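Below is one structure, written out as C-alpha cells; the observations come after it.
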Amino acid sequence: MSCDDVIEVMKVMYQKGMITVLSGNASIRIGDKLFCITPSSVPKHKISQLALVDLDTLSWSGPKPSIEYRMHALIYRNTEAKAIVHAHSPWTVLATELGLELDTRRYVESRYAIQKVSKVPPLEAGSWDLARAVAEKAKEADTIILEGHGAIAYGKDPWDALNKLEALEYLAKLEVLKRERK
C-alpha cells in the first residue's frame, strides 16, 4: 500500500465516470502523523505527485492539497482509517435526491463491501462544517453519502475504500433503474 495506489485509484474512478476530470479525491495514511492526498486543480487522470499533509498542524509539502484535506484529516483523527476515497458518484447523488432507500443488504456487492452507510446534509465543499459533519458520521459508518455532492468511504487501503464506493454506486444505479421500470 503506497501513495502510488492513490494515483491509480483516481485514474480508475475517472475512467468509470465516478468523478469528473477535476473532482473527487483520495488519500492514504502514512504512519501516525502524515497522509498523502491528491492535489487540487490537477486533472485526475494526470496526477503524478501528491501533497503530504501533517495530521496535527494541517501544513503540507508538495502541491496544494485537495480542498477536502480537512475532511480527510478529521476522519483519520477519529477512526482507524488507513485510506479514504471521495467520489462525486452520479447514481448515488441521484438516488439520494429521489429519496430512494439504499439498503446495502439487498445485493451481494454492497452487503460484503460496506459495513454501514450514513448521510450528511448538503454542506459547502471544502468547508470545516462538512469536514466535521463527515468525521462525526465516520465514527459509526465506513461509507458516508454527502447529499448533493457524492460519497466518501474509508478502509484498509485505497482499493478497499474504492470498492465500498463502487458497491454503493452499483446499488444506487440499480435502485434508480428499478424505479424507472415501475
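Tabulated values for the structure
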{"read-out": "Residue with peak Gaussian network fluctuation, the chain [Cα springs, cutoff 10 Å], from S66, S41, S89", "value": "S41"}
{"read-out": "Rounded to whole Hz, the Karplus (6.51, -1.76, 1.60) HN-Hα couplings of the range 107-123, x for glycine and proline", "value": "10, 4, 4, 7, 4, 8, 8, 10, 7, 7, 10, 9, 9, 10, x, x, 9"}
{"read-out": "Phi-based couplings in Hz for the range 3-12 (Karplus 6.51, -1.76, 1.60; Gly and Pro marked x)", "value": "4, 4, 5, 4, 4, 5, 4, 5, 5, 5"}
{"read-out": "For the range 5-53 and the range 56-133, distance of Cα centres in Å", "value": "14"}
{"read-out": "MRE, 222 nm, helices only [DSSP H, n ≥ 4, -39500 (n - 2.57), over the chain, to nearest 500]", "value": "-12500 deg cm²/dmol"}
{"read-out": "Whole-Hz ³J(HN,Hα) from phi, Karplus 6.51 cos²θ - 1.76 cosθ + 1.60, for the range 154-160, glycine and proline x", "value": "10, x, 6, 7, x, 6, 5"}
{"read-out": "Extended-chain gain in nm, criterion 0.36 nm per residue less alpha-carbon gap, Q49 and K139", "value": "29.4 nm"}
{"read-out": "Normalised contact order of the chain, rounded percent, pairs of Cα under 8 Å and 6 or more residues apart", "value": "23"}
{"read-out": "Convex hull volume per residue for the range 98-182, taking Cα atoms only, in Å³", "value": "92"}
{"read-out": "(1) 10.1; (2) 9.4; (3) 13.6, with the label sought being that of the calculated mean projected area of the Cα convex hull in nm²", "value": "(2)"}
{"read-out": "Amide H contacts under 5 Å for S118, placed H, 5+ residues apart", "value": "T143, I144, I145"}
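A short reminder: the numbers here are calculations on the coordinates, not readings from a lab. Note that the structure is predicted; figures quoted are calculated from it, not measured.
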